[in-house]
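The values are calculated or read from the model by the stated rules, or taken from the named source; none is laboratory data. Note that the coordinates shown come from a computational prediction; the quantities given were computed from them, not determined experimentally. So basically every Cβ, Gly included, is an ideal-geometry build from the backbone, and we count neighbours across all protein chains shown. Heads up: the accessible areas ignore ligands, DNA and RNA and are worked out on the full protein's heavy atoms, side chains in. Shrake-Rupley method; radii C 1.70, N 1.55, O 1.52, S 1.80 Å.
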Amino acid sequence: MSADAVTLTIWQRLTDPYRKILVAVGAAVLLLCVYELPVARLDLGFLLLGLITVVVSARVFVPIPRVNAAVTVSDTFIFLTLLLYGTEAAVALAAVEGICAGSRVSKRPLGILCNAGALVCATFLTGTLASSVFGQVTDFAHHQTSTFVSFICFLALAQYASHTFFGAIYVALKSSQPLFRTWAKHYLWSSITYFVGALLAGVIAKLTQSISFYSLIFPLPVIAIVYLSYRKYLEDVRSTAAKAEQAERERAEAERERAEAEHVRAEQAERHVEELNHYIAKLESAQSELSESKEHFRHAAYHDALTGLPNRLLFTDHLRLAIERTRRDPNYAFAVLFLDADRFKNINDSLGHSYGDQLLTEIARRLQDCTRQLDTVARFGGDEFALLLDGIGEPEDAVRVAHKIQQELLVPFDLNGHEAFTSASIGIALSGADYQHPEDVLRDADTAMYRAKDGGKARHELFDRAMHTRAVSMLRLENDLRRALEREEFRVHYQPILMLKTGELAGFEALVRWERPDRGLVSPAEFIPLAEETGMIVPLGLWVLEEACNQLRAWQLASPANRALTMSVNLSGKQLTQADVAEQVQDVLSRTGLDPRHLKLEITESVVMENAEAAAVVLARLRSLGVGLSIDDFGTGYSSLSYLHRFPVNALKVDRSFVSRMTSGDENLEIVRTIVTLARNLGMDVVAEGIETGEQLAQLKALKCDYGQGYFFAKPLDAPAAEDLLLTRALEASQHPTPSDQPDSAVTTFGSPLVM
Ligand code: C2E
Ligand code: MG
Ligand code: MG
């Protein structure tokens, strides 16, 4: 609570003590006046005045607005009593009138008595002051008119000042307002009632000097009317003021409401603007999100996630545009390079996928370095990439780019400290071949790429029509191949293998043939690679194995002379990766009843060496069956000597390419000599392939090569022909028994071509 608030409370607390003092002083004054009342002078007129005062004052009073006080019209009668009967009588009447009037405006006794006390004191003061200035108040008859007017005014002023002063003190205390301001605000206006009352009293008093007091009773209604009119006037003024006040309040209220509504509207509008801004901002950000994710999805749909390069879809789009442009612009040309990383699988398998990913990313970067901004470099997946060289001048430009790429890929790749090497086989297709669809261009580039791979990898090939023809025929071949097994179109031919030292028949190599109804015998060179690629080789190889084992078993059973013969069967890389390859071989042996020692499985050197660790495991398993193992085409697959001795292999077959060129230069002879020495040191036999001349035979014999096969002795023979050979051999053996110390005679037997 503030100091001011405390002060206000103190003033208000003084209100009641003040009223009590006023009542007490009023009572004392009244008592004094009653004591000194000139009873002798009081007549019926006095009683009548008192009665009228009480009755009229109950009806005629002027309440002071907003304050619990009123100025009664009975003042006139009090003034009149003062003039006619003296101060004491006036005080007595004031006491009665004060109580009557007080009870009209207050219900509390203190309030009523206080009202009476104030009037008593004021009347007493007025009477006392007037008599001290003008002499006995009842002696007014002696005053000159001007003195009488002054006297009357004095009475009015004194009564007005004192009475309103007492009232103002009370209101000031109660409202804690300054006294003068309170008086001026609430009582200034009421002076008129006192002056009018005093004047009227003066006039009546004067009249009583010439006419009887009682005759004056009759004008009372006039007085009443005047008062009522005056009161009405006051009420009107008050109601007008109240109305004005009300109107002002209403106007202020309306103004306040309007301002409030305006404020609310402004706030709402502000909120709406804020919300709108918020929504606009949200909308803008949503749009940019939306467009970001759209862009993201668009990018993801058209790009390779690993390298960030365009994918096949985007590449095809660009290629389509390029094809369309060739139709409009005859001078425009493009090239598509289809690229496949060589040996990628090796790196991926040996170092792991994260290194594989790194390698692909680095390849992608190098490819971009080799091309221009307007070219498209795409990754199709795995280790396949495609390049669209847009607007090339001449075909050589494409070849130059392919060459540049190959040079670029020669630089070793640093994969987290691991040095890796790769190369690429690239197929090139040039525009101008009346291409209609991107797929056609890609197909041709792909074909050329396979040609490059077949040609020994790390090279590029330009697509030509012949390739397309070949590709188409390959497709046809694949379909035919699938049906050939069901239609039993495959045959096994047997090529004799001889012991070079004695010329004796050691056994046969089973070589598959495809007897196509429309084309006759087809060489395995034409369909084995495709059968490998398609996986067809697995059932085909198994069929050959069973057929060959069956055949040898049959020959062995047919003649004791055939019992020592062996059968060599080629096993493809695909077959070797079959988890149950050993079981399959075992099953065949069981089914055919062939002794495992008479079966030799040939595996091409490159197949063994490409996956040496795994091959060693499989070979060991096969070896444990008791079958013999030979490494075929030895010398072409870059054998690792460190691996070679770990393979449970019995024989090395020297590739035909070395044998055929043995006589043309020292180098090849030396290679064969080395292979023979190596095999000997490793405890293996050596078989020479493709012996076509007596000279070759002589050289191989000189090198002490163990076995040999070749057209010089016999071409691969069908089963009946091989049977004939066996019969002839048995016949010759029975006619010319060969002493073991005469090896040359045996050589004579097979010294010249048997079957061409
Ligand atoms: P290969 O296993 O090295 O078989 C030797 C190839 O050399 C055979 O060719 C044979 O006819 C040929 N040849 C033998 N002596 C001479 C000669 O003096 N001069 C010439 N020019 N060639 C000679 P072929 O029968 O055409 O077989 C080619 C290759 O096909 C085989 O090479 C072998 O790798 C594969 N092959 C044949 N049959 C099968 C089979 O049943 N399974 C598997 N996986 N591959 C087979
Ligand atoms: Mg072979
Ligand atoms: Mg071979």
Given the options Y711, Y643, name the one that is more than 13 Å from ligand 3 (Cβ to nearest atom), surrounded by fewer than 18 Cβ atoms within 10 Å (Cβ to Cβ), on the phi < 0 side of the Ramachandran plot and modelled with pLDDT under 95. Y643
Exactly one of these conditions fails for A506: (1) open to solvent by 30 Å² or more (accessible area, probe 1.4 Å); (2) among the aliphatic types (A, V, I, L, M); (3) within 16 Å of ligand 2 (Cβ to nearest atom); (4) in contact (Cβ under 8 Å) with a residue 12 or more places away in the chain. Give me its number. (1)
Quick check: anything in region 527-543 among the aromatic types (F, W, Y), more than 12 Å from ligand 1 (Cβ to nearest atom) and open to solvent by less than 20 Å² (accessible area, probe 1.4 Å)? no
Kindly establish whether L629 is away from ligand 3 (no atom under 16 Å from the Cβ) and either loosely packed, with under 13 Cβ neighbours inside 10 Å or assigned by TED's automatic domain parsing to the domain that holds H598 (or both). no
Which pairs do you get when a residue that is part of a strand (DSSP E or B), found in region 597-612, comes within reach of a residue that is modelled with pLDDT under 85 and within 13 Å of ligand 3 (Cβ to nearest atom), reach meaning Cβ atoms under 8 angstrom, with the pair 6+ apart or on two chains? T604/G637
Restricting attention to region 578-609, report how many residues are more than 13 Å from ligand 1 (Cβ to nearest atom) and of a type in the set (S, T, Y). 2
Among what's in region 132-151 and is open to solvent by 10 Å² or more (accessible area, probe 1.4 Å) and under 27 Å from A184 (Cα atoms), pick the residue that is farthest from the chain's Cα centre (by Cα). V133
All-but-one check, L697 against (1) more than 10 Å from ligand 1 (Cβ to nearest atom); (2) open to solvent by 10 Å² or more (accessible area, probe 1.4 Å); (3) more than 23 Å from R729 (Cβ to Cβ), failing number (3)
Y279 vs. criteria surrounded by 11 or more Cβ atoms within 10 Å (Cβ to Cβ) and modelled with pLDDT under 80: yes
Quickly run through region 651-681 and pick out the residues that are touching a helix residue (DSSP H, G or I) at 6+ places or on another chain (Cβ under 9 Å), open to solvent by 10 Å² or more (accessible area, probe 1.4 Å) and more than 16 Å from ligand 1 (Cβ to nearest atom). L669, I671, L678
Can you name the residue in region 382-418 that is surrounded by fewer than 16 Cβ atoms within 10 Å (Cβ to Cβ) and within 38 Å of the chain's Cα centre (by Cα) and, of all such residues, is nearest to L442 (Cα to Cα)? G382
The residue from A554, A525 that alone is assigned to a helix (DSSP H, G or I), without any contact (Cβ under 8 Å) to a residue 24 or more places away in the chain and within 16 Å of ligand 3 (Cβ to nearest atom) is A525
Just to be sure I understand, how many residues within region 646-674 are in contact (Cβ under 8 Å) with a residue 40 or more places away in the chain and more than 16 Å from ligand 2 (Cβ to nearest atom)? 0
Looking at (1) loosely packed, with under 15 Cβ neighbours inside 10 Å; (2) over 21 Å from V492 (Cα atoms); (3) modelled with pLDDT of 95 or more, which one does S590 not meet, given that it meets all the others? (2)
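Residues are listed down the side, and each one gets a yes or a no for (1) at pLDDT below 80; (2) open to solvent by 50 Å² or more (accessible area, probe 1.4 Å):
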site	(1), (2)
Y187	no, no
I192	yes, yes
I204	no, no
Y214	yes, yes
K232	yes, yes
E248	yes, yes
E253	no, yes
R256	no, yes
A261	no, no
Could you please give the count of residues in region 544-571 that are in contact with a helix residue (DSSP H, G or I) (Cβ under 7 Å, 6 or more places away or on another chain) and at pLDDT 95 or above? 16
I'd like the full set of residues that are more than 12 Å from L629 (Cβ to Cβ) and either in a helix (DSSP H, G or I) or within 16 Å of ligand 3 (Cβ to nearest atom) (or both), limited to region 583-596. E583, Q584, Q586, D587, V588, L589, S590, R591, T592
Of the residues in region 155-186, those that are over 28 Å from W11 (Cβ atoms) and out of contact with any Phe, Trp or Tyr (no Cβ under 7 Å at 6 or more places or on another chain) come to L157
Picking from V672, V686, which residue would you name as being over 60 Å from the mean Cα position of the chain (by Cα) and modelled with pLDDT of 95 or more? V686
Does at least one position in region 473-489 carry a residue that is in contact (Cβ under 8 Å) with a residue 40 or more places away in the chain, more than 10 Å from ligand 1 (Cβ to nearest atom) and not in a helix (DSSP H, G or I)? no
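Matching residues to (1) modelled with pLDDT of 65 or more; (2) loosely packed, with under 13 Cβ neighbours inside 10 Å; (3) among the hydrophobic types (A, V, I, L, M, F, W, C):
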{"residue": "A5", "(1), (2), (3)": "no, yes, yes"}
{"residue": "T9", "(1), (2), (3)": "yes, yes, no"}
{"residue": "V23", "(1), (2), (3)": "yes, no, yes"}
{"residue": "L30", "(1), (2), (3)": "yes, no, yes"}
{"residue": "F46", "(1), (2), (3)": "yes, no, yes"}
{"residue": "A58", "(1), (2), (3)": "no, no, yes"}
{"residue": "A69", "(1), (2), (3)": "no, no, yes"}
{"residue": "F79", "(1), (2), (3)": "yes, no, yes"}
{"residue": "G86", "(1), (2), (3)": "yes, no, no"}
